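Readers should treat all values here as calculations from the given coordinates under stated rules, not as data from a laboratory. Because the structure is a prediction, the values reported are computed rather than measured. Reconstructed Cβ throughout: ideal geometry from the backbone, glycine too, with neighbour counts over all protein chains shown.
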Amino acid sequence: MKLNSTVLLTLTLLTLMLGAGSVSAIIGFDVGSKALKGVTTPDARPTSKFASAKSGNTAHTGVALLREEEILKIVKARIEGKTKAAKASKSDDDEDKEKQKPEEKPKETQEKPQAGFPINAENGGVNFSVQSARFSGGDLLLRVKMQNKGSETVRFLYSFLDVTDDKGRTLSQSTEGLPAELPGNSSEFTGTVSIPTPLLDDVKKISLALTDYPAQKMRLEVSNIPVER
């Protein structure tokens, strides 16, 4: 009798345990299903991605691959652009360096002294000298220097420059580079007096005479300038 009661109690407990386990499993499954609702496994298949991209069902855009020719063109364009920019920058730097260089003044050619020259005349602090006399291009060229060592400015009009030969004849002339006025304490001015060669066929010496203008109080005269062919 006691044995039957024990077996019955054991069976009852097993039944209750199995029932409780089944109920717990059902409840857990239901809770897990609700928790995972809406979660899908990722689609790793590349074909499905391309298909969805073509159909427009996805918002993501695939990476566009460039062809090799296009990549080479882009690289070449960038290299050329950098090269041009470097050249332009170098050109600007060279130009800036050229601008920064001090201007070199042309050196005045040193003319060898000619025999019998210079021939000087001075009056009132103004010096008038003939440095040389040479034939060139159908003219006799007299290289002349002028300087005012006085304190007052002296003005000249070179149409009043008289040129005479050793026979007293007046010769025509033209001037170039001589100043219209000499300021006080001036530096030297250099110019040229030109006389046509045909006027000097039988002439051995000539003279120059210059007066200031308009006062004509000063007379500068250089005589016996040799004329050699």
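Below, the figures for the structure above:
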{"quantity": "Candidates Thr211, Thr153, filtered to the one that is surrounded by fewer than 17 Cβ atoms within 10 Å (Cβ to Cβ) and β-branched (Val, Ile, Thr)", "calculated": "Thr153"}
{"quantity": "Single match in Gln173, Gln216 (criterion: out of contact with any strand residue (DSSP E or B) (no Cβ under 9 Å at 6 or more places or on another chain), of a type outside the set (Lys, Arg) and either over 15 Å from Asp139 (Cβ atoms) or crowded, with 16+ Cβ neighbours inside 10 Å (or both))", "calculated": "Gln216"}
{"quantity": "Odd one out for Leu178, checked against (1) farther than 13 Å from Leu161 by Cα; (2) in a loop (DSSP other than H, G, I, E, B)", "calculated": "(1)"}
{"quantity": "Yes/no for Arg143 being assigned to a strand (DSSP E or B), surrounded by fewer than 16 Cβ atoms within 10 Å (Cβ to Cβ) and without any contact (Cβ under 8 Å) to a residue 60 or more places away in the chain", "calculated": "no"}
{"quantity": "Candidates Leu171, Leu157, Leu208 - the one that is over 16 Å from Glu122 (Cα atoms) and touching a residue at least 40 places away in the same chain (Cβ under 8 Å)", "calculated": "Leu157"}
{"quantity": "All positions within the range 187-210 that are over 16 Å from Arg229 (Cβ atoms) and either in a loop (DSSP other than H, G, I, E, B) or acidic (Asp, Glu) (or both)", "calculated": "Ser187, Glu188"}
